[in-house]
Amino acid sequence: MTDEFDVLVCKTCTTPWIRNTDEWTGHGQWREQASINCPHCGAQHDPSTVKCLKSLPTREAAGEWRARYLAKRAGEAQSYNDLTLEHGQYGDQLAEIDGQIESFTLTAEKMDLKPIGSDRFADLLDSIQESKTPKFEALNEYRLEQFYDRDQEFETIAKSRDSDLVSLDDQLRSYYGEPHDDRTLTDPEPVEPSRDPDLEIESLSIQPTPPAQQQFNTIAADVPPTVSEWLPTVLADLLPTLVRAVDKLVEDKIDAGHMADLLIAEYGIPDDWSDFASVLATYACEYHDVDLENQDLSDQAREYHKQNRDWARTALTEIGTGRNALGLSHDDLAATIVSILEAADVTPQIVVRFDGETWLESAHRSTRAKTLTALEQLAAGADITIVTSPRVFQTLESSHPEFVARVTQVNMPGRQTTQSSSAPTVCDEESIYTDLELMDKRAGKLAILNHLERNPDATVKDIANDTDIDLSRGSIRPYIDALESDHDYVDVDRRGTENTMSLSERGKAAAGLITDDHRVVHPAQETVFAAFDQPEHPDSNPNSGSVTETPSQSASTVYGSADGMGAGEDGRSAEGMLADTGDAETTGYVQWLPKLGDSSWPLHARITAADVRDGVNLNDYPVERWDDGRVTYVSCMEDHLAVSTQYGGTLPTLVRLATALLDDKLWSTVLTPSALGDELEHCFGDAINNSRDVYDHLVRAAQVGWLSEDERAYDLLKDRYAGVRSALLCKLGELDSLDEDERVETLRKAHGLLMSATALYDAIGVDISIEIRIPDPNNLPAADFCRFASEVTTRQSSYGMHSLHRNFWEPDSQKRTTAMARNVDPSDPNGHLRASWVLSGPGISDYAEQIRGAIAARNEQRLDDRTDYDPVKLNVPVTDTSDYAAMRHAVETVLTKKNLCPAHESDAMRRTTRLFEAYTGSPVDVVDALTALTRSAQPGDVTIADIEYALSTLPADRLFPDLYAPTPGKILHAVLTADGPIGRSDLLKRVGCSGEAYRKHIDRLEALDILTRVDGGKWTATVAPWYVPETDATKPSAGRVTTGTTTVDGVLFDALDELGYNLGNSELIEAFEQPLDRGKFIAAVGPWIDDWIDILASLLKPNPDYVGQSFYDVTIGETPDQATLAETTVGAVAD
């Protein structure tokens, strides 16, 4: 359904009205009804004679259109335009109209028009109100027709009941008073809400950073100029504090009715016209912190109370939206919410951030004024800090000077009242921040600084080649001059044939304050907003000596700021953000990895952390299916290119990868002119000295295709590959119509383009990690997929600068005959892979043996009988990423960023790694968990409390993911996320399991000392039990345990004893004989123990750092010595 509301017009009374298409059988179906009635005059019409003026998608849009139609028809088009400039569009007018409707309704009800003993007038008034209520939907309609229509109707009533009624004018005049100007009742001018002269602002400050001292329950919010877009969210966060204030005012336990009476009588909280006091009292007494699920109620009563609770919560928080159930607008904050906070002497702390872009682009002064008025009113009962930039503050000073004058404290650059004892340094971030804020954001200077941070020693050509900047060379040079001479951000090296630019020390500090989308953030501006999204750390101890700053503490750097990590928008998971590709035709077939917070680093790290060894890494992780599988994500950080795409068959996947690696995004950021050279002379670094030899090595050694003498220049090569990419993508679009020969040719070209691309990246020293995502491995064509994996992996291989594909598998051809000779070093005959691969999907490791077999088959296909064949060796590991080495790689990847990484072989590193190996299933889990930690201001080691908090941030199904039942993971997750010890009823509610399943699994967790019973029947978690070797702990109810003496069978023996198993059973005795017989043990205890043995093995394994020769490796080729020995042997036999 595209249109939801129709604007219809009656041919009898010519009055337009709005109807929701949902009231009918479907859009447009009202014409098929027998008849349709006009709600204004009651006339019945044939639907075919009713004219539909307009169909619009929302009621607000329909109301706006009808309002303009009525204004134009009444000759008031200009007046209506003036009205919208003053009060905004339809939605902005609605709050004022709600108040007008309420006051008019109350007036009618208070007129006491009916004679004693008569009910006819009440019925008549109800019918009039019912028929006319829809006409109160917009302020302009109220002005243009409402008073006129009402006047006519009430005059008619008055004439018919002249003996009982007084004049309508007298009634209105007695209620409203005499008019103070020349307005008439048919055209009342809405009054600008004035500020309460008695309003005393508690604390309202403006500054570029959040306050240094924060309350734990500080409310943080982004505030756009439109009040309806932020006020309900803030009030929802404030509601618990408001209830606490009410409880403080009403010390005795009383019912809602008496509480409302007390609030009205003692504290003047309004109720007669809004019912605010009654609704608040009801919510505070009956619904706040009340779990209706555990109440002894019938299903019908429970549903009733749920609806009441939701309605009350909405009525108390949806203020300023124009649809408040109590008729409250932002102007009523002082009389309601603020009055209670003041009376209870409760002063919440609120930190709001004015987004620079929306405030600078806001065109309506009145819209901004409503938000400022609301903040002023809230500041009468709260401590409010407005965090914003100097440019927004300048806008406020010029357009809202009266507001700035009433602010109690202004701490903006240039407004400081105190002088620093020392002069600011050259790299003073405060002064740099102010300088950046005053720049013209459209000029491109910020984008140039961003580029130079990524690409030092760049040329003007490099910058012009960056598609994210979109500046011509002629416009870049003046910007560079200004950044060098006016700001001292750029150093220009003019010694070579072409100038190169890099950031000065001051420029590096400036670039650190610029986000990827060219926003300027204050050095500390992001801290409070990232920290507020994190729950309090349960075991933080300021005296513990730990350097880890928990999320509830004030951290020097928080994810989303300096180290580039943060939470996803709207609380979305990383998988959810990846899956939300959009339509590739509109959002792009090649996209940058999405951002979590202000950076894509966490998603980049998910790929590189799972890339444990150069080879094929099988990552058992439940990846989500993307909205559009044609998308490929790319990201390059610290000379490491990460690529991710969803498997869609051999040919489509191959084409997507090849074309993505040569997309314009990567030409402008990685394959830049300064990286490759104007004539590709920078390839291979210092190993080759001139461009002619570089060209020969690229073509005859590295096997870079489509590179002729005509494409040696950078721009020509880029254009050449653009043409090849375009042709391949066209073939992919025609895939279903291609015959077999065309498919084979397209596959050959796709392989060639991918090999050429990886050779180029290898030549400039960029590592490549490519993730192939398989959401449903069970439905894969196994043979085709394993062949694809083996070929795409082994083709991207080199020995030094030489392509191994040409040595191993290239058939006799002109390319092979012109190939450059290889000089194989017998002491180092090992080749390398130019790209490493991550195959991600649930259960993908089940394909390990088939993939190894397919790679081994590639070894059998070698053309080692050719005269130009050289004996070299290529090792291709095919490994599961859930082992200790993989987990340690992921731990080091993230904790290095956090300033919390223990030494490589320290006890802290072993403990951290073995815990993640035991409790999670993938390096992706490690990245997701550890990115939730706050970066430490000082170097140190991650603590067990940090690990417990990190694990608590994972979804419940990612704890113990390999157990046959998900319940233990859900129980552990519920205990870790609880505010304190948690009891049975709360656990059952959070886990959603039966009482029998709960008892069974919690007993096992307790027996393994992962959960501990406290306070009688409540539970706490210990993710590093006493038997973990690096944990110096005491066994519960036992003496001191010497570190390293416990074993898996010893822990199992104690656990089974606690669970009540008969340890004298002959089957168990036989199973416990050294070494532990796993098959007999499972047969004696039950299948449930099988997975727990693996978990305990991870927690207890001795010497976890030892990694010998990986038995996962598949070897292709041979060493020179073996080849020589083979030739000698053959010759001896022949003789």
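The figures follow:
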| read-out | value |
| --- | --- |
| Scan of segment 785-804 for residues that are under 24 Å from R630 (Cβ atoms) and aromatic (F, W, Y), ordered by number | F785, F788 |
| Residue in segment 339-352 that is nearest to I269 (Cα to Cα), counting only those that are of a type outside the set (A, V, I, L, M, F, W, C) and touching a Ser or Thr at 6+ places or on another chain (Cβ under 7 Å) | P348 |
| Some residue of segment 801-812 being assigned by TED's automatic domain parsing to the domain that holds V670, surrounded by fewer than 20 Cβ atoms within 10 Å (Cβ to Cβ) and among the acidic types (D, E) | yes |
| Test: A702 is modelled with pLDDT under 95 and crowded, with 19+ Cβ neighbours inside 10 Å | yes |
| Meets criteria (surrounded by fewer than 20 Cβ atoms within 10 Å (Cβ to Cβ), basic (K, R) and touching a residue at least 60 places away in the same chain (Cβ under 8 Å)) for K815 | yes |
| All helices (runs of 4 or more DSSP H) inside segment 713-817 with 3 or more residues being under 30 Å from A610 (Cβ atoms) and of a type in the set (V, I, T) | 782-795 |
| Selection within segment 960-987 - touching a Leu at 6+ places or on another chain (Cβ under 8 Å) and aromatic (F, W, Y) | F960 |
| L316 buried (at least 20 other Cβ atoms within 10 Å of the Cβ) and either more than 30 Å from L436 (Cβ to Cβ) or assigned by TED's automatic domain parsing to the domain that holds T241 (or both) | yes |
| Residue match in segment 573-585 (condition: part of a helix (DSSP H, G or I), among the charged types (D, E, K, R), more than 22 Å from D468 (Cα to Cα) and at pLDDT 90 or above) | yes |
| Tally, over segment 242-278, of residues that are crowded, with 17+ Cβ neighbours inside 10 Å, of a type in the set (V, I, T) and more than 18 Å from L328 (Cβ to Cβ) | 1 |
| Given (1) touching a strand residue (DSSP E or B) at 6+ places or on another chain (Cβ under 6 Å); (2) under 22 Å from R852 (Cβ atoms); (3) surrounded by fewer than 20 Cβ atoms within 10 Å (Cβ to Cβ), index of the condition I770 fails | (3) |
| Scan of segment 965-1010 for residues that are within 19 Å of L1056 (Cβ to Cβ) and either over 32 Å from the mean Cα position of the chain (by Cα) or loosely packed, with under 14 Cβ neighbours inside 10 Å (or both), ordered by number | R999, K1000, H1001, I1002, D1003, R1004, L1005, E1006, A1007, L1008, D1009 |
| Qualifying residue in segment 250-260 (condition: within 13 Å of L316 (Cβ to Cβ) and among the β-branched types (V, I, T)) | no |
| Out of A265, A277, A335, sole residue that is more than 23 Å from T373 (Cα to Cα), over 33 Å from the mean Cα position of the chain (by Cα) and of a type in the set (G, A, S) | A265 |
| Some residue of segment 674-683 being surrounded by 18 or more Cβ atoms within 10 Å (Cβ to Cβ), polar (S, T, N, Q) and in contact (Cβ under 8 Å) with a residue 12 or more places away in the chain | yes |
| Subset of segment 637-663 (residues that are surrounded by fewer than 22 Cβ atoms within 10 Å (Cβ to Cβ), touching a strand residue (DSSP E or B) at 6+ places or on another chain (Cβ under 8 Å) and over 21 Å from R748 (Cα atoms)) | D639, H640 |
| Near pairs, Cβ below 7 angstrom, 6+ apart or cross-chain, from segment 759-784 (under 26 Å from D627 (Cβ atoms)) to any residue that is among the polar types (S, T, N, Q) and not in a strand (DSSP E or B) | I768/T758; S769/T608; I772/T653; D784/T650 |
| Residue match in segment 925-942 (condition: touching a Leu at 6+ places or on another chain (Cβ under 6 Å), free of Cβ contacts under 8 Å to residues at least 24 places away in the same chain and either in the same structural domain as V838 (by TED's automatic domain parsing) or crowded, with 22+ Cβ neighbours inside 10 Å (or both)) | no |
| Members of segment 440-468 found to be touching a residue at least 40 places away in the same chain (Cβ under 8 Å) and in a loop (DSSP other than H, G, I, E, B), listed by number | N455, P456, D457, T459, D466, T467, D468 |
| Of all residues making up segment 469-500, the number that are assigned to a helix (DSSP H, G or I) and either at pLDDT below 80 or surrounded by fewer than 18 Cβ atoms within 10 Å (Cβ to Cβ) (or both) | 9 |
| Flag for Y721 being under 11 Å from L760 (Cβ atoms) and in the same structural domain as G765 (by TED's automatic domain parsing) | yes |
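Per-residue answers, yes or no, for (1) assigned to a loop (DSSP other than H, G, I, E, B); (2) closer than 20 Å to R795 by Cα; (3) basic (K, R); (4) assigned by TED's automatic domain parsing to the domain that holds D762:
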position: D614; (1), (2), (3), (4): yes, yes, no, yes
position: N619; (1), (2), (3), (4): no, no, no, yes
position: S635; (1), (2), (3), (4): no, no, no, yes
position: L641; (1), (2), (3), (4): no, yes, no, yes
position: L680; (1), (2), (3), (4): yes, no, no, yes
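The values are calculated or read from the model by the stated rules, or taken from the named source; none is laboratory data. Keep in mind the model is a prediction, meaning the values are calculated, not measured. Reconstructed Cβ throughout: ideal geometry from the backbone, glycine too, with neighbour counts over all protein chains shown.
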